[in-house]
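Here the structure comes first, spelled out in structure tokens, and everything after it is commentary.
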Amino acid sequence: MCGLTGFWSMSPAKRPDGGLAHTAKAMSDRIIWRGPDSDGIWTDEEAGLALAHRRLAIVDLSPAGYQPMASASGRFVICYNGEIYNSTDIRKELAGRDIAWRGHSDTETMVEACETFGVAEAVKRFIGMFAFALWDRQERTLWLVRDRLGIKPMHYGLLEDTLFFGSQLRTFTPHPGFSPQQDMDAVRAYARYGYIPAPLTIWQGVRKLMPGHIARITADGDITETPYWSMAEVAANGQANRFSGSPEEAVDELEKLLMDAVGRRMMADVPLGAFLSGGVDSSLVCALMQAQSDKPVKTFSIGFDEDGYNEAPYAREVAKHLGTEHHEFYVRPEEAQAIIPGIPEWYDEPFSDSSQIPTTLVSRLARKEVIVALSGDGGDELFAGYRRYNDGLSIWRKFQAFPPIARKAAIAGIHALSPTWWDRVARLVPPSLRPAHVGCRAYKLADVLAESGTHAFYRSLISQWHDINTLIPGAPEPLLPPWNNIDAMQGSIPDVVERMQYLDTITYMPDDILVKADRASMSCSLELRVPLIDHRVVEMAWRMPPELKMRGGVSKWPLREVLYRHVPKELIERPKMGFGVPIDHWLRGSLRDWAENLLSEKRLREEGIFNPAPIRARWQQHLEGSSNWQYPLWTILMFEAWHEAQKV
């Protein structure tokens, strides 16, 4: 796990005055936490290209693993972030070729494979997470590559004859030629989703390389981005070749594959452990690790004193059953809140998934003992674990049975009263039967009922703000991929829940879940590995029919059945809690002054990005306790915190 950056000044007149190496070093120093063990610079002075690398040494700790690294022939130079777990297998495939191996790092395997097989054919062989830049000195061609699911980040942009590329956007700012403008389409997308979806970034002219894609850049500035692995093809192939065995045989095959995926990710020359929340996914990963380890696996969990947020006791029981070496830390509110000022620095662009806070905290806990940790990310998207898949669909189907005029009347009726008044009406219901924040829930329901079609409904369901055109005056919100191609998707993926899973796998997972995991773990120089989204597991999951993933009303049935072979069912079965922090309470308490400053009407009006009215209305309702608007408010707060950091 590392960090990389670089630039290619295609015009000699655009090259930085201080020299290529000096500028590249300044750029890589901006992400020192991604690779504190060593740094490396390589330049092609004639071409005007510089590669810079920060190393977190995991495999082959010797100088033979240093980057940037040239191939044995000297033709190719690679700068790489990530791990491939089948390096030994690929080296066997390369046996007999005239390669003078210098060490056993996977970096060396990658560069030799790319030279031997070609870039596209080489990456199809890789099992792992990776993003790399590969320079062909002979052809003067640069290749940028990102792994299939988007576990590792890669950004790039050609601005005034200079190509910038790297793991994080912040590495570009030391270059004197980098002076982009804020992309308002990205801001509008962020306000809706709470993250900026690929290929957009917060800066105009700079994009995220899409997962499973290769970008080829030539000296004349021509950029071609092509896929080498397609989630759409995986979904199509999975539906055309459904698993035909019994449910028990499916569980057998899945366990075998997961055991291999986890086992491969236990490869390291440094201490290794795992996150353990006590839920299905993390417990499964820990169980399969312990089954393949001759000593107790180090496991890590955090707890909170607030009701409804503490899973530490469940994790402790799972760890006790598995016999792991368990580490637990209870977090005080002030310790969790101390994370917030660093968020704009680590994330480079606005990002509002508040579970970034506990993920950072558990990463810091783990980093005291290990340098590599495994997590259970990805199980919900692949095996239909989110409650919104079932609950949301149920709500939609019920209200779709109503005539359009009745639905319009229901929406108008909800909006006839403010959220505060709905809460007052709800007090007529006995407390034992009364849901929390009735007014807030009613308004959210009105928003999703206004949509026509399951995809518009689902997009509304996952939105932080709905009326983006009112929130952000100016040009209307664009309909971005994949939401602008819904008709074709409906024909290719007929099952509604599978369409929701597909959408999450190509949007929410790479642009939210995996961004959070990467930035939170790398902020303390911890490598985080995610075995549940091994691309082979993804392909198998899509072969399983929907009724197998959600069997007898039980979500993630195949994963649970594998887990129950290692952990008693009674230790796992309980309502899903999620991995969150009590942002709603903090905003009314210890974070109130901080939030009030960022959400002040004067500040918002002077900035001219957001319309203060809807923000101030929700802020007041939240402070009154009549509604819980923590997520839309946190979305604006994280934007404002990022915006403030740009002034420094």
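The values are calculated or read from the model by the stated rules, or taken from the named source; none is laboratory data. In this text, all values refer to a predicted model and were calculated from it rather than measured experimentally. Neighbour counts are summed over all protein chains in view; Cβ atoms, including those assigned to glycine, are modelled from backbone coordinates with ideal geometry.
Of the residues that sit in the range 472-520 and are assigned to a helix (DSSP H, G or I) and of a type in the set (Gly, Ala, Ser), which one is modelled with the lowest pLDDT?
Of the range 472-520, the ones assigned to a helix (DSSP H, G or I) are 483-492, 496-506, 508-520.
Remaining after also requiring of a type in the set (Gly, Ala, Ser): 488, 491-492, 517, 520.
Working: Ala488: 71, Gly491: 76, Ser492: 86, Ala517: 96, Ala520: 96.
Here the residue is Ala488.
Find the residue count for the range 140-152, including only residues that are closer than 15 Å to Leu49 by Cβ and touching a Lys or Arg at 6+ places or on another chain (Cβ under 9 Å).
The qualifying residues number 4.
Mind listing just one residue for me: the one in the range 43-66 that is without any contact (Cβ under 8 Å) to a residue 40 or more places away in the chain and closer than 14 Å to Trp135 by Cα and, of those, surrounded by the most Cβ atoms within 10 Å (Cβ to Cβ)?
Going through the qualifying residues, I end up with Thr43.
Select from the range 123-147 the residues that are under 27 Å from Ser375 (Cα atoms), assigned to a strand (DSSP E or B) and among the aromatic types (Phe, Trp, Tyr) and list them in ascending order.
Within the range 123-147, Phe130, Phe132 meet the criteria.
Checking the conditions here, which among Asp98, Asp106 is surrounded by fewer than 24 Cβ atoms within 10 Å (Cβ to Cβ) and of a type outside the set (Phe, Trp, Tyr)?
Exactly one of Asp98, Asp106 is surrounded by fewer than 24 Cβ atoms within 10 Å (Cβ to Cβ) and of a type outside the set (Phe, Trp, Tyr), namely Asp98.
Answer yes or no: is there a residue in the range 574-588 that is in contact with a helix residue (DSSP H, G or I) (Cβ under 9 Å, 6 or more places away or on another chain) and either closer than 22 Å to Val187 by Cα or free of Cβ contacts under 8 Å to residues at least 12 places away in the same chain (or both).
No.
Within the range 153-182, how many residues turn out to be touching a Lys or Arg at 6+ places or on another chain (Cβ under 8 Å) and either surrounded by fewer than 19 Cβ atoms within 10 Å (Cβ to Cβ) or not in a strand (DSSP E or B) (or both)?
The total comes to 11.
Matching residues to (1) over 30 Å from Val297 (Cα atoms); (2) modelled with pLDDT of 70 or more; (3) outside the structural domain of Leu559 (by TED's automatic domain parsing):
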| position | (1), (2), (3) |
| --- | --- |
| Val370 | no, yes, no |
| Leu374 | no, yes, no |
| Gly392 | yes, yes, yes |
| Arg397 | yes, yes, yes |
| Ile414 | yes, no, yes |
| Pro419 | yes, no, yes |
| Asp423 | yes, no, yes |
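Pull out all pairs, ordered by first then second residue, where Cβ-Cβ is under 9 Å, the residues are six or more apart or on different chains, the first lies in the range 258-275 and is over 20 Å from His327 (Cβ atoms), and the second is part of a strand (DSSP E or B) and of a type in the set (D, E, K, R).
Once the first residue is over 20 Å from His327 (Cβ atoms) and sits in the range 258-275, its partners that are part of a strand (DSSP E or B) and of a type in the set (D, E, K, R) give Met267/Glu83.
So for the range 253-268 (the condition being surrounded by fewer than 15 Cβ atoms within 10 Å (Cβ to Cβ), among the acidic types (Asp, Glu), closer than 27 Å to Arg551 by Cβ and not assigned by TED's automatic domain parsing to the domain that holds Gly65), does at least one residue qualify?
Looking through the range 253-268, none of the residues is surrounded by fewer than 15 Cβ atoms within 10 Å (Cβ to Cβ), among the acidic types (Asp, Glu), closer than 27 Å to Arg551 by Cβ and not assigned by TED's automatic domain parsing to the domain that holds Gly65.
Being at pLDDT 95 or above and outside any loop (DSSP other than H, G, I, E, B): is that true of Ala215 here?
For Ala215, the condition - at pLDDT 95 or above and outside any loop (DSSP other than H, G, I, E, B) - is met.
From Val530, Val554, Val537, which residue is modelled with pLDDT of 95 or more, in the same structural domain as Glu253 (by TED's automatic domain parsing) and over 30 Å from Tyr330 (Cβ atoms)? So that I can check it myself, show each step before the final result.
On the way: Val530 fails: over 30 Å from Tyr330 (Cβ atoms); Val554 fails: modelled with pLDDT of 95 or more.
Result of the check over Val530, Val554, Val537: Val537.
Counting only residues that are in contact with a strand residue (DSSP E or B) (Cβ under 8 Å, 6 or more places away or on another chain) and free of Cβ contacts under 8 Å to residues at least 40 places away in the same chain, how many does the range 8-27 have?
Going through the range 8-27 one residue at a time, the tally reaches 5.
Scan Ser71, Ser87 and give me the residue that is assigned by TED's automatic domain parsing to the domain that holds Gln168, within 28 Å of the chain's Cα centre (by Cα) and surrounded by 15 or more Cβ atoms within 10 Å (Cβ to Cβ).
Ser87
Considering only the range 57-85, state which residues are of a type in the set (Asp, Glu) and in a loop (DSSP other than H, G, I, E, B). Break it down into steps so the answer makes sense when it comes.
At the first step, the residues of the range 57-85 found to be of a type in the set (Asp, Glu) are 60, 83.
Answer for the range 57-85, where residues must be of a type in the set (Asp, Glu) and in a loop (DSSP other than H, G, I, E, B): just Asp60.
At pLDDT 90 or above, surrounded by 21 or more Cβ atoms within 10 Å (Cβ to Cβ) and not hydrophobic (A, V, I, L, M, F, W, C), is that true of Pro632? Walk me through how you get there before you give the answer.
On the way: at pLDDT 90 or above: yes; surrounded by 21 or more Cβ atoms within 10 Å (Cβ to Cβ): yes; not hydrophobic (A, V, I, L, M, F, W, C): yes.
Yes.
Got a number for residues in the range 615-633 being touching a residue at least 60 places away in the same chain (Cβ under 8 Å) and either out of contact with any helix residue (DSSP H, G or I) (no Cβ under 6 Å at 6 or more places or on another chain) or under 17 Å from Ala186 (Cα atoms) (or both)?
3
With the structure loaded, tell me whether Ser282 is under 22 Å from Val270 (Cα atoms) and free of Cβ contacts under 8 Å to residues at least 60 places away in the same chain or whether it fails that test.
no
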